[in-house]
1. Going by what's in this entry, would residue 146 be described as within 20 Å of the chain's Cα centre (by Cα) and surrounded by 16 or more Cβ atoms within 10 Å (Cβ to Cβ)?
2. State all residues of the range 232-249 that are on the phi < 0 side of the Ramachandran plot and open to solvent by 10 Å² or more (accessible area, probe 1.4 Å); if no residue qualifies, say none.
3. What's the total number of residues in the range 104-123 that are touching a residue at least 60 places away in the same chain (Cβ under 8 Å) and open to solvent by less than 20 Å² (accessible area, probe 1.4 Å)?
4. If I filter the range 127-137 for residues that are β-branched (Val, Ile, Thr) and in contact with a strand residue (DSSP E or B) (Cβ under 7 Å, 6 or more places away or on another chain), do I get at least one hit?
5. Looking at the range 73-84 only, could you name the residues that are farther than 17 Å from residue 127 by Cβ, open to solvent by 20 Å² or more (accessible area, probe 1.4 Å) and in contact with a Leu (Cβ under 8 Å, 6 or more places away or on another chain)?
6. Identify all residues within the range 63-72 that are in a loop (DSSP other than H, G, I, E, B) and open to solvent by 50 Å² or more (accessible area, probe 1.4 Å); write none if there are none.
7. Please identify the pairs in which a residue from the range 166-181 that is under 23 Å from residue 137 (Cα atoms) has its Cβ atom under 7 Å from the Cβ atom of a residue that is surrounded by 12 or more Cβ atoms within 10 Å (Cβ to Cβ) and of a type in the set (Asp, Glu), counting only partners at least 6 apart or on another chain.
8. Name the one entry in 129, 96 that is among the aliphatic types (A, V, I, L, M) and under 25 Å from residue 153 (Cα atoms).
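The values are calculated or read from the model by the stated rules, or taken from the named source; none is laboratory data. Note that the structure is predicted; figures quoted are calculated from it, not measured. Cβ placement follows ideal geometry from the backbone for every residue including glycine, while neighbour counts extend to all protein chains displayed. Remember, those area values only see protein heavy atoms, side chains included, never the ligands or the DNA or RNA. Shrake-Rupley method; radii C 1.70, N 1.55, O 1.52, S 1.80 Å.
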Amino acid sequence: MAGDHRQARRRLSPSGQPRGLRRRRRHAGGTGGRELLPGHHRAVRSDPPGEPREANLVSRAVEAFCRVTGRTPALSITLTKTLPVAAGLGGGSADAAATLRLLERLQGTRLPESIRRNLALELGADVPACLENRPLHMTGIGEQLALLPDLPDLQMLLVNPGVPVSTGAIFRLLAPPWSEAPEHPPGSGDADTLLEVLSKRRNDLEAPACTLAPEIAQTLGALRRTEGCALARMSGSGATCFAIYRNHGERAQAAEALRQRYPNWWIA
């Protein structure tokens, strides 16, 4: 993330969706689970209980979809959370986007693109990118999306030290100079080129986050010391950090070493 936070501007480097981290959403539809009818009851539950923000985003997505279509789905949704709370991974935004795609599928049609994009942005700055669910360069507050070519085959390791961080507190500590990323990264399927581009960029939120939670700096240091680590950064506003490796063997070896040394960390 980069840019003047007072204008809510940020720059995100191209990224892929890590495999095996999607949260499960179970739905049960009425009238065969296909037809959207006015007046039907809908319910959103969280498993485990006590995840109001994520469940609320799913509920908001259902309500927004009903508002623009004039139809109410006869379904219930159970959100099964497997990511750490407030991890900086965009889990809530991904849930909202998945809910919109589910409702489109149940309705048997796709919303007009302009309505779809505005609806996603209404739910959150990251939701439009999650709705696309493919490599993107994201600017503005999330409404400006540029498609990128398929990313090279690299491995990513996610680590969360298990400390809570306040996004608001991090932004209050953020001060210039802010980094300026290029308007659009060069498209390349070459791993070396992508890593070179990413190495010249930074997450402006990383420094204030490390001030508030030194465990984040410890996590980044531990990742950078693993064999084969090509790049390590904090994800979003933290506290999750990630490292990129060139092959599965290096990533697996790093994950095992970190699990042995830090058994209480979340590692995926």
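1. On the way: within 20 Å of the chain's Cα centre (by Cα): yes; surrounded by 16 or more Cβ atoms within 10 Å (Cβ to Cβ): no.
No; evaluated as a whole, the condition is false for this residue.
2. Going residue by residue through the range 232-249, those that are on the phi < 0 side of the Ramachandran plot are 232-235, 237, 239-249.
Selection gives 233, 235, 237, 242, 244, 246, 247, 248, 249.
3. As a first pass, look at the range 104-123 and keep what is touching a residue at least 60 places away in the same chain (Cβ under 8 Å): 106-108, 123.
The next check asks that each one be open to solvent by less than 20 Å² (accessible area, probe 1.4 Å); those that pass are 106, 123.
Summing the residues that are touching a residue at least 60 places away in the same chain (Cβ under 8 Å) and open to solvent by less than 20 Å² (accessible area, probe 1.4 Å) in the range 104-123 gives 2.
4. no
5. As a first pass, look at the range 73-84 and keep what is farther than 17 Å from residue 127 by Cβ: 73-76, 78, 80-82, 84.
Keeping just the survivors that are open to solvent by 20 Å² or more (accessible area, probe 1.4 Å) gives 76, 81-82, 84.
The answer is 82, and nothing else.
6. Residues of the range 63-72 that are in a loop (DSSP other than H, G, I, E, B), as a first pass: 70-72.
Listed by number, the residues that qualify are 70, 71.
7. Going by the 7 Å Cβ cut-off, the qualifying pairs are 174/204; 178/4; 178/204; 179/204.
8. Result: 129 is the single residue among 129, 96 that is among the aliphatic types (A, V, I, L, M) and under 25 Å from residue 153 (Cα atoms).
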